[in-house]
Amino acid sequence: MGRKQLWDQAEVLASAMRLFRRRGYLGASLRDIEEATGLHPGSLYRVFESKDGLFRAALDAYNDQVVRGRVRVHLLEPADPVAGIRSFFTSAFETGLDPDPGCLLTNTAVESFTVPQAAAGVRRGLEAIESGFADALTRARALGLLSADLDVEESAARLLALYQGLLVLVRAGTPLTKLHTITDGAMASIGSEKEGQR
């Protein structure tokens, strides 16, 4: 009979997510991981097999908890899907965090050419966001909030690109006024009548 696990895997993944958001995959050493999670390398390797395994598990948890949670709250649930799209953008920079550690998904996408093992997780997260945009746009069009001629697939892809670019700028410390201007441009790209309103 094996020894009882004395640590909580969800807490370990939450600590790993925070570390990888701040440092990235390459910047987080095994010592950093040990300090952040409170686990010795033996325990980490027994459960996750490697730093790669821990990183993939942390990215999967981030996609499930943070990315899909934000998609649900801002894009799938609001009665006004256009307002939801705007709030999805603005909530990315109106966080009150200083400095903002950025989005693990976006940070990893930028770093992924050196971390090919993360590509599948990045793709899943981006697809979840694009699908959320498509859902919100489809509902907005059906409600008459957007043009009936709106190409949902093309617009969802454009919003995804604008959103990911916005997150990179957030991480770079871009002023809020410019981030709001970019958000206004994203809303204008779908023909929102609420262009310029915040």
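The values are calculated or read from the model by the stated rules, or taken from the named source; none is laboratory data. Fair warning: this is a prediction, and the values are worked out from it, not measured in the lab. Methodologically, a virtual Cβ is constructed for each residue, glycine included, from the backbone with ideal geometry; neighbour enumeration extends over all protein chains shown. In case anyone asks, the SASA skips ligands and DNA or RNA and just uses the protein heavy atoms, side chains included. Shrake-Rupley method; radii C 1.70, N 1.55, O 1.52, S 1.80 Å.
Once you order the gyration tensor axes a ≥ b ≥ c over the Cα atoms, which shape class does the stretch 79-151 get: rounded for a/c under 1.5, otherwise prolate or oblate by comparing a/b with b/c?
Oblate shape, in that a/c is at least 1.5 and b/c is the bigger or equal ratio.
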request  = Calculate how steeply helix 152-171 sits against the longest principal axis of the alpha-carbon atoms of the chain, using the helix alpha-carbon long axis, and give the answer as 0 to 90 degrees to the nearest 10.
outcome  = 60 degrees
key: Ranked order, Asp80, Asp149 - accessible area, probe 1.4 Å, largest first   = Asp149, Asp80
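May I ask you to give the percent of accessible area on the stretch 59-189 that is carbon plus sulfur, with a probe radius of 1.4 Å?
It is 58 percent, rounded to a whole number.
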message = Which order do you get for His40, His74 if you rank them by accessible area with a 1.4 Å probe, largest at the top?
response = His40, His74
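At R0 = 25 Å, how high is the FRET efficiency between Val66 and Tyr45 if r is their beta carbon distance? Nearest 0.05 is fine.
Working: r = 26 Å, r/R0 = 1.03.
Here the calculated transfer efficiency is 0.45.
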For Glu111, solvent-accessible area (1.4 Å; no DNA, RNA or ligand), Å² = 30 Å²
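Between Ser91 and Thr177, what length in nm is gained on full extension when 0.36 nm per residue of separation is reduced by their alpha carbon distance?
On the way: separation 86, 0.36 × 86 = 30.96 nm, distance 1.40 nm.
Value of the extension gain: 29.6 nm.
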message = Order Val122, Val66 by their accessible area, 1.4 angstrom probe, all chains in place, largest first.
response = Val66, Val122
